[in-house]
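> What follows is a structure written as structure tokens; I'll ask about it next.
All of the numbers you see were taken from the coordinates with simple rules; none came from a lab. Bear in mind that the values here come from a model prediction, so they are computed numbers and not experimental data. Methodologically, a virtual Cβ is constructed for each residue, glycine included, from the backbone with ideal geometry; neighbour enumeration extends over all protein chains shown.
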Amino acid sequence: KPVKIKPMDKSLRFKDGDDIDRFIQDFEDAAFIDGASDLDKCIQVKFSIPDKDTKTVIESMEGYKFKRWVILKNEM
């Protein structure tokens, strides 16, 4: 059953110029607290990224296409 990731920090968003490693760690921490699976993380990570072009890039990544979080976070 899917789990909605609800970060305690409501401002958890990735913007150009942000530290991607810090964003991923904060996102993974929020996912862990909510009991989200790697599939949940793959599906929901793009909702924390307001820039449409960046979302499009993420959606084109192999990890996103095949819903493999370990691959996706390394591609990011």
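> In what sequence do ARG13, ARG22, ARG68 fall when counting other Cβ within 10 Å, fewest first?
On the way: ARG13 14, ARG22 10, ARG68 17.
The fewest-first ordering by Cβ neighbours comes to ARG22, ARG13, ARG68.
> Right, another one. Could you go through segment 61-72 in sequence order and give the Karplus-derived ³J(HN,Hα) for each residue, using 6.51 cos²θ - 1.76 cosθ + 1.60 with θ = phi - 60°, rounded to whole Hz, and x for Gly and Pro?
Once θ is set to phi - 60°, the couplings for segment 61-72 become 6, 4, x, 6, 4, 9, 6, 10, 4, 4, 5, 4 Hz.
> Turning to a different aspect of this structure: Using θ = phi - 60° and the Karplus form 6.51 cos²θ - 1.76 cosθ + 1.60, what ³J(HN,Hα) does each residue of segment 33-45 get, whole Hz, x for Gly and Pro?
So the J values, rounded to whole Hz, are 4, 8, x, 7, 8, 4, 4, 4, 4, 4, 5, 9, 4.
> In a solvent-free Debye calculation with one equal scatterer on each Cα, what is log10 I(q)/I(0) for segment 12-76 at q = 0.13, 0.23, 0.27 Å⁻¹, listed in the order of the q values?
So the normalised log intensities work out to -0.30, -0.99, -1.36.
> Next question. Grab the DSSP H runs of the chain that are 4 residues or longer, score each as -39,500 (n - 2.57), total them, divide by all residues and round the 222 nm result to the nearest 500 deg cm²/dmol. The partial results should precede the final answer.
Working: 5 runs with 41 residues, N = 76.
Rounded to the nearest 500, the figure is -14500 deg cm²/dmol.
> Of PRO2, VAL70, PHE14, which is farthest on the positive side of the dipole of the chain, counting Cα position, with +1 on Lys and Arg Cβ, -1 on Asp and Glu Cβ, and the Cα centre as origin?
Projecting each Cα onto the dipole axis, the largest value belongs to PRO2.
> Rounded to the nearest 20 debye, what is the charge dipole size of the chain about its Cα centre when +1 sits on each Lys and Arg Cβ and -1 on each Asp and Glu Cβ?
Values: 15 positive and 16 negative charges, 85 e Å.
That gives a dipole near 400 debye.
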